[in-house]
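Heads up, the thing below is written out as structure tokens.
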Amino acid sequence: MINGRCAACKNQRRRCPSDCIFSPYFPPNDPQRFASVHRIYGGSNVGKMLQQLPNNVRQQAANTLYLEAKCRIQDPVYGCVGIISKLYEQIHDTEIELAKIQTQIACHKPQNPQFEAESNFNDLSTVDAELNLNFLPPQSSSMEQFHWPSQDPNWFN
């Protein structure tokens, strides 16, 4: 038990026992943490989940529940998946922008003789960089196969 009642026991207006399952993960100085988790999952369900887990992963589980609860409160429909899809979209947009820039560089290489002289000087570092890139695994975009309902105009028809 940490200095009096934990945030869970304060939220539920009960006495905090010395072996409270919530006290290590929901400290009294952060009541919003438990309130968010309680609002989405319910206090009893969170307690049951934490009791079923080994002690070494309970902190990570409590942190994950809090993160997912915060995301679900901010975006009730998509929650964490909404954030993940936005990040995939940013990655996709950045990859497109990178491809455009690489194309522009490739188009400007033959037009600039000074670039040729400098590139001959840096051939060794270019070869090393290209060899290092060959060890990277190929990128696959699984999000291209996934379609959100907002992307399909005939979803309700």
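In this structure residue 105 has an accessible area near 90 Å², from a 1.4 Å probe over the protein heavy atoms. Protection proxy ranking of 76-88, 19-31, by the mean of other Cβ atoms within 10 Å over each peptide's residues and highest first, is 19-31, 76-88. Taking packing as the residue-averaged number of other Cβ atoms within 10 angstrom, the listed peptides 36-43, 97-104 run from highest to lowest as 36-43, 97-104. The portion of the accessible surface of segment 1-118 made up by carbon and sulfur, rounded to a whole percent, is 53 (1.4 Å probe; DNA, RNA and ligands excluded).
The values are calculated or read from the model by the stated rules, or taken from the named source; none is laboratory data. In this text, all values refer to a predicted model and were calculated from it rather than measured experimentally. FYI the Cβ positions are ideal-geometry reconstructions off the backbone, even for glycines, and counts take in every protein chain you see. The protein model used for the area step is the full one, side chains on, heavy atoms only, and it has no ligands, DNA or RNA in it. Shrake-Rupley method; radii C 1.70, N 1.55, O 1.52, S 1.80 Å.
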